[in-house]
Amino acid sequence: MELTLTGRGYAGKLTGLLDAFDNTTRAVREAGQRPFRVLCTPGFAARWLVPRLDRLSFGDRVRLRVSNGAPSTDFSTNDSDLVIQWADTKVSGVTTEPFMESNRFPVISPVLREKENIRVPQDLLRLRLMHDETADAWAEWFEAAGMEVPDMPRGPVFPNCELATTAAEQGQGVSLAYDAIIRSTLASGRLERLFEAVTMPIVIYSLAYPTTRSDDPMIREFRDWVFTEVRGKHLDHAQATAAE
């Protein structure tokens, strides 16, 4: 016996539906035991994700993986369930959901600020400015501060804003930090904000996960938790401590 052409088409569709049903059933059954693997940058992990994980219902089962460069969204090779990627680059077969945008402003260590007596934006031109290769925005910030774009003071160039901000924490100069990421560091007093001028906000982080796993319970819960945190339903730990 052989299936007719119509029968083969029906069988193909039915097989796909049964596979999807099986995958969904396995995901629900295993959600209470399996680890949840998140891939992100070290800076995002340290300054935003890790301080909040105790508020995620399955935070103790998160297996955090960090990437030296831009995290890969090739889920066939990155050994992750979900990626927190820079910006919002679209990839075929991957659902991308921007969840965080931010402006930028200069930050400096309290010791260096007192030593250099920083009062006006022009004072920055006699300091070392930390630059980053990903999205250096010093020219934009000086324009926002009402200055003509100057010849930039010489300073080190880092592969990302996190390393530039770390250098500023160590008193090596001034960096442009993203407001959405730096709040707990400012609250701790390790860095101080300089001036009111800010750059235009841009999308800085997105969630990325395989579109075929959009109904995965852990992905859905992690996604909802991230958006809740970003909307400010909870204070940062450092902010809560400062408020007390």
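Bear in mind that the values in this text are calculations on the coordinates, not laboratory data. Because the structure is a prediction, the values reported are computed rather than measured. Cβ placement follows ideal geometry from the backbone for every residue including glycine, while neighbour counts extend to all protein chains displayed.
For residue 33 and residue 68, the FRET efficiency from 1/(1 + (r/R0)^6), where r spans their Cβ atoms and R0 equals 41 Å, is about 0.85.
A cut-off under 13 angstrom between Cβ atoms defines the neighbours of residue 198, and their net charge, with Lys, Arg +1 and Asp, Glu -1, is -3. Ordering 134-140, 177-183, 37-43 by mean Cβ neighbour count within 10 Å, with the highest value first, yields 177-183, 37-43, 134-140. Coupling constants for segment 50-64 follow from the phi torsions by the Karplus curve (6.51 cos²θ - 1.76 cosθ + 1.60, θ = phi - 60°), and in residue order they are 4, x, 10, 4, 5, 9, 8, 4, 10, x, 6, 9, 6, 9, 7 Hz; glycine and proline get x. Using the Cβ of residue 150 as centre and a radius below 15 Å, the other residues enclosed give a net charge of -3, where K and R count +1 and D and E count -1.
Summary of packing: across the peptides 204-214, 166-176, the per-residue average of other C-beta atoms within 10 Å ranks them, highest first, as 166-176, 204-214. Could you tell me the center-to-center distance, by alpha carbons, between segment 160-213 and segment 44-113 in angstrom? Each part reduced to its Cα centre gives a spacing of 12 Å.
Spin-label model, residue 76 to residue 148: label points 7 Å out along the Cα-to-beta-carbon direction sit 5.5 nm apart.
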